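Notes follow once the structure below has been shown.
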Amino acid sequence: MAKQNQWVSPHNGKWSVTGEGNSRASKVFDKKSDALAYGKSRAMKTNGELIGQGKNGQINLKNSYGKDPFPPRDKD
């Protein structure tokens, strides 16, 4: 499966999870926590990112679930 970022966004008083590039939501939830859990599982399966937005539409969460091309160096 190709890498696909998952967006958790407000949607008519609820929360939607949408794969990046898709015009329709994969699923809509009443609670943001449920939408984040679902989005995280989808992002992990596709080695993508989970991107969360607040009620105002601003990005307030970004987590990667794939191979990082530039991992942090160990501090010894």
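Among the residues of region 20-36, those that are closer than 12 Å to PRO10 by Cβ and either of a type in the set (Val, Ile, Thr) or part of a helix (DSSP H, G or I) (or both) comprise VAL28, LYS32, ALA35. Among the residues of region 1-10, just one is modelled with pLDDT of 95 or more and open to solvent by 60 Å² or more (accessible area, probe 1.4 Å), namely TRP7. In summary, ASN47 fulfils each of the numbered conditions (1) at negative phi; (2) at pLDDT below 95; (3) among the polar types (S, T, N, Q) with the single exception of condition (1). Evaluating GLY39 against the criteria (1) open to solvent by less than 40 Å² (accessible area, probe 1.4 Å); (2) in a strand (DSSP E or B) leaves one unmet condition, (2).
Consider region 42-56 and keep the residues that are in a loop (DSSP other than H, G, I, E, B) and in contact with a strand residue (DSSP E or B) (Cβ under 7 Å, 6 or more places away or on another chain). The one that is most open to solvent (accessible area, probe 1.4 Å) is LYS55. With surrounded by fewer than 12 Cβ atoms within 10 Å (Cβ to Cβ) and of a type in the set (Asp, Glu) as the only criterion, which of ASP34, ASP30 stands out? Only one candidate qualifies: ASP30. Of all residues in region 57-73, those that are exposed (fewer than 11 other Cβ atoms within 10 Å of the Cβ) and part of a strand (DSSP E or B) total 1.
The values are calculated or read from the model by the stated rules, or taken from the named source; none is laboratory data. Small disclaimer: the values here were computed from a predicted structure and weren't measured. Note: ideal-geometry Cβ built from the backbone for every residue, glycine included; neighbour counts use all protein chains shown. Protein only, heavy atoms only, side chains kept; ligands, DNA and RNA dropped before computing areas. Shrake-Rupley method; radii C 1.70, N 1.55, O 1.52, S 1.80 Å.
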